[in-house]
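Step one of this worksheet: look at the structure below.
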Amino acid sequence: MLIQDNLHLSRSASDGQGGHEFLYRVNRYGISAKSRPQEELSQIHWEVEVIKYQKTDAVKFEICHDTELAAKTLIFHNDSSLNEFLEKSFNYFKELGLLEDMA
Amino acid sequence: MSLDTVKPAPGYLEHLPVEYQDLVKHGQYGKKKKVSDMGKFKELIEEHPMCAGCAMTLFIRLVFLALPKPEHTIFVGTAGCGRLAISQGNVPFIYGNYGDTNAVASGLKRGLELRFPEQKKDVIVMCGDGGLVDIGFQGLMHSWFRHEKFSTFMLDNEIYGNTGGQESGMTAQGLVAKMSPRGKVDEKMDMLGLAKVAKLDYIARIVPTNPARVVRTARRAILIAREFGSTYVQAYTSCNIEYSIPTPDVMQDAFDKEKKEYGFEEHFSDRAKAYIDDLEKKDKAAAKAAKK
Amino acid sequence: MSPETAEAKQNSTSKHANVPGKPEGWVPAGDLQEVISLEEMQKLPKETIFMTGSEAARESIRRANVDMAIAYPITPQSETMQQAGYLFDEGYIKDYYRAEEEIGTMSAISGASRAGVRSLTATSGPGLMRGMEALASWPGARVPIVMLNMCRVINTPLAIQPDNAEISFLLNTGMLVLHAENQQDFFDWPLVAFMVSEEVDVTLPCTVSVDGFFVTHARGNVAMCDKKYKIPPRDGWRNAVPSMDNENPPARISRDAPIQKSNFISYHMHASWQQEVFSAVQRSAKYFDKYLGGLIEVVNPGADEMIIASGAAVSQAREAVRQEEEKGNKVGLIKVKTIRPFPTAQVIAAAKHAKVILVPEFNQTGWLHKEVCTTLYGHTQAVIYNGPRVYGGMTMPTELILDWLKDIREKDKSRNHF
């Protein structure tokens, strides 16, 4: 089970390829974690992107590969390792928010 | 419980049809009937729509006589002549889709064992050669290899009697039948051989020429299946219509067939043999004691 | 029933005294569970676990007090039924075997159900089609089997992808047909299916269909109660027709099958038997209504644009509704939970006001679209659009539904309709 803090939206993956997407948000940044169907159940994993939300109320965002967290799509094979990453990200985003506010 | 369902409520019996009264008063429930008793008690099956002189009917009547516990027996059948008679017996009968008998019986028997662990219920598959070796072959084989605890009786008339005389897997090689216009190409399927490969606990081949032997064989098949696993009885039950056997000659045909190629055969597993020997010894001793 | 019954005796004796392969004194896990009604179970505190649909089905079976499970492996069903095998090993299911193929499976499970025990099977697309003769005969035999159906492509070219065309073949069998949306439904609904199908005025088989892979092989949130609870067992004495146990006189239907005679009485008997089966389908509605909280779910009632969907298409439609809401558009959604009985009155009440109706589906034939058209004919002025649909394992992105809505609003004639 993933951390529920900062969970902005959970939805059926909108690309229609099945699976579920969890969207987290801290300030303008966030994490998209998708779990998709796999022919072999043991291959089910998390596809994770660092994302940056647009300045609108709607859930619109861009994939963001410019942070220190990740320069590419990340793969996690279990919930606990993803939760660790989420905790780390939330702290990072908070600091990033402070820095951006100062700028 | 089951015998109670046969018995009407007190004071009600006299208002039932005489046939039903006979079944209650003079039926085979709770008693062991012999062939020599036939005509002196109310059989489980009497009226039926089978053709005059049908050997299959004789065989079916004898198997009903052999039932060790008709009040705890369920027949499973399929399309074919046999079900016309079996369904008239005073024993529940499941008439399923063509060729589904041994699969239905597998689920039924296991279900009954779960629900009534203290009360053995006999499940008996009885149907024709086509239903078992052609359309029902897969289900038959798998029930055998799983050693499901029910007996399978094949009414082998060596043809599709009910649909009007088409060749079946059990038709003899060379026979010209409907759908084998040049004579049947392949040999009669060796179901006894397959039963041996599946290591059934009891296998028998029989022609209903000796009624007492039919009853004994059927009883063995049912009791061994109840105790250990699958049993198989293959009975030659000629179709006098499709083979144009005059009614008075049906039994002669049976004797000829038996002599020529359908001799009585019986195969036991070791455990089944020991069980039946013991059981029949006890039965004999009990009968002797009863005479005294 | 009277305490003298053989069944009553069973309860006073040890049921599993010596089970092969298990140590002496082994107690089946199912015997340690506490029986509670499904209503009570639904009210219990729940833990939410992110799990696959196959795992959700397993957890449902664990709590379903199943006596007998028989199945033949087929992708994507096998994940569930091999798990059922482990449940059997633990003692949550009393008997279990891998059958020879689906005609054998569907016939054997009907034998088990006729014996009066709770019976479960499962299959997928091609397996369903193979077992079709057998399962089309279940409703007439009045066997309350629950069949999980993990939908899969049935046409050539062969594929294992989700496509629910097979559900259309079940619609006129007399079976109860549910179409689950997600993992949560696939946990909740099999339990409901057992309770409803075994109601004495129903006594019918029920399939819980789900779109394969998208649900079975993907994870979703499932809230469930503790595994120490199970629903009440099947009462084999309580059926529309007696069990084939030779404890009761059997129904005449199995003794004097109408096929044995060709006359007016036999035709009449067969016709009335069918009428009774389809009446029983209707009678099941009140129970489904109780356990499912309605035969349909409506999001944004009263919207001019309504989406009517079942199964995984509902999830995509939900997201489309959400995204339209972000744009300030109110789009409605009707989730059809029970395909049989079809919630005719409920769909009419929820959709008659609409101006536009979309029916997104994961199949080429559009069986739900046909149901919707038939249901709403004469009751609405809405234009019922014939789609959007994907099939053969194709995906349905939310954009597909959004595009259809956009085109319709812009009066683009490329979207056909009836």
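Computed from the coordinates by the stated procedures, all read-outs in this text should not be read as laboratory data. What you are looking at is a predicted structure, and each value in this text was computed from that prediction instead of being measured. No Cβ is skipped: glycine too gets one built from the backbone with ideal geometry, and neighbour counts run over all protein chains shown.
Taken residue by residue and averaged, Cβ atoms of other chains lying within 10 Å of the Cβ of A:4-16 number 5.
Reducing the range C:304-320 and the range A:30-92 to their Cα centroids gives an inter-centroid distance of 26 Å. Toward the positive end of the charge dipole of chain C, about the Cα centre and with charges on Cβ (Lys, Arg +1; Asp, Glu -1), which of C:329, C:68, C:87 goes farthest? Of the options given, the answer is C:329. Taking label positions 7 Å along the Cα-Cβ direction at both residue C:327 and residue B:40, the computed distance is 9.3 nm, reported to one decimal. Peptides A:90-96, C:384-390, C:127-133, C:211-217 ranked from most to least packed give C:211-217, C:127-133, C:384-390, A:90-96, packing being the mean of other C-beta atoms within 10 angstrom over each peptide's residues.
Expressed per residue, the C-alpha convex hull volume of the range C:296-409 stands at 89 Å³.
The Cα atoms of the protein assembly as shown cover 114, 61, 61 Å along the three principal axes, with the biggest extent listed first.
Net charge dipole, the range B:51-291: roughly 820 debye, given to the nearest 20, about the Cα centre with Cβ charges of +1 for Lys and Arg and -1 for Asp and Glu. Note on C:237-249: average number of Cβ atoms from other chains within 10 Å of each residue's Cβ is 5. Positive-end ranking of B:147, B:251, C:108 along the dipole of the protein assembly as shown, with charges on Cβ about the Cα centre, is headed by B:251. Per-residue 3J(HN,Hα) values for the range B:276-291, derived from phi via the Karplus relation 6.51 cos²θ - 1.76 cosθ + 1.60 with θ = phi - 60°, read 5, 4, 5, 4, 6, 5, 5, 4, 5, 4, 5, 5, 4, 4, 5, 5 Hz in sequence order (x marks Gly and Pro).
Here the Karplus relation 6.51 cos²θ - 1.76 cosθ + 1.60, evaluated at θ = phi - 60°, turns the backbone of the range B:159-165 into coupling constants of 6, 7, x, 5, 8, x, x Hz, with x for every Gly and Pro. Neighbouring Cβ atoms from other chains, within 10 Å of the Cβ of residues in C:94-101, number 5 on average.
Averaging Cα coordinates gives a centre for the range B:1-78 and one for the range C:144-197; these two points are 44 Å apart.
The Cα-based radius of gyration and maximum Cα-Cα distance (Dmax) for chain C are 22.1, 74 Å. Here the range B:133-207 is described by how far its Cα atoms reach on the three principal axes: 39, 25, 21 Å, from widest to narrowest. If I model the range B:45-135 as equal point scatterers sitting on the Cα atoms and use the Debye formula, what is log10 I(q)/I(0) at q = 0.11, 0.17 Å⁻¹? Summing over Cα pairs of the range B:45-135 leads to -0.31, -0.72. A simple charge model with +1 on the Cβ of Lys and Arg, -1 on the Cβ of Asp and Glu and nothing else charged puts the dipole of the protein assembly as shown at about 2360 debye relative to its Cα centre. For the range C:32-230, the Kirkwood estimate of the hydrodynamic radius, built from every pair of different alpha carbons, is 16.4 Å. Sparsely packed loop sites in the range B:178-277 (the trypsin sites (Lys or Arg not before Pro) outside DSSP H, G, I, E and B with at most 15 other Cβ atoms within 10 Å) comprise B:182, B:199. Computed on chain B, the Cα convex hull volume stands at 146 Å³ per residue. Per residue of chain B, the DSSP helices (runs of n ≥ 4 H) give a summed -39500 (n - 2.57) that works out to -11500 deg cm²/dmol at 222 nm. Its Cα gyration tensor gives the range C:128-245 an equivalent ellipsoid, and the semi-axes of that ellipsoid, as √(5λ) in whole Å with the largest first, are 26, 21, 9.
Among C:205, C:20, C:249, whose mean-square fluctuation peaks in a Gaussian network model of chain C (Cα, cutoff 10 Å)? Comparing C:205, C:20, C:249 in the GNM, the peak value goes to C:20. Using only the Cα atoms, work out Rg/Rh for the range A:7-102, with Rh taken as the Kirkwood radius, to two decimals. Answer for the range A:7-102: 0.98.
Within the range C:111-160, the proportion of Cα pairs with more than 13 Å between them is 61 percent. With the cut-off at under 16 Å, measuring from each backbone N in the range B:194-221 to a point 7 Å along the Cα-to-Cβ line of residue B:267 picks out B:194-206, B:221. Label sites at residue B:31 and residue A:17, each approximated as a point 7 angstrom past Cα along Cα to Cβ, lie 7.8 nm apart.
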